[in-house]
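**Q** The structure is given below, and queries will be raised subsequently.
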Amino acid sequence: MKIKEGAIMIRQPRTIFAVLAYLTILVSGCSQMAPRYDAALYSDLTTVNVEIMEFFSSVSSGTNKDSYSKRDERYHALIGKVDALAMQSKTRPAPESKLLKKINNYLETSGRNISFEREPPSVASLEKISESLNMMRTVDEDKGLNATAVSLFKNEIVISMDQALTYESFLNR
């Protein structure tokens, strides 16, 4: 029942309660579509990307097995940073499985071949980068790298880094 008081309409408390209860149910029923954006993670990811590209620039013409000891610490530092970022990305909760299809469909229509399962795709991308850096380190230590091998490792890492950066920036919407 409405009581008119000047230009202001006052509703019964029962009606107000019903509207508030409806809004509470509606809001609580909304699901998070993806992990929350983590500005620190994205910032660290872009920083390690620069460090990796600087490293590739320093070895772009190839390496010699005899000079590996000069690069050893750099390999370990980069691998450690990438592994830490993968772990940091993995700690965010994943959305409900029925929403994963919606996220994958959206990412697919954006032209990116990124698959989102129970973990954010940045985790798999970062793990792939770590694996590639480890393999590159092993080959470099054993026999050195020619320019073509460096280029192949770089291309592999660039693809994975692009996927990680694309997904993490997607969360900032």
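The numbers here are math on the coordinates, done by the rules we state, and not lab data. Bear in mind the structure is a predicted one, so any value in this text is a computation, not a measurement. Cβ coordinates were reconstructed from backbone atoms using ideal geometry, including for glycine residues, and neighbour counts include every protein chain displayed.
**Q** I want to make sure I understand the PRE zone here: with the label point 7 angstrom from the Cα of residue 72 toward its beta carbon, which residues in the range 121-145 have backbone N atoms less than 15 Å away?
**A** 137-144
**Q** Grab the Cα-Cα distance for residue 51 and residue 151, subtract it from 0.36 nm times how many residues apart they are, and report the gain in nm with one decimal.
**A** Extending this stretch completely gives an extra 34.4 nm.
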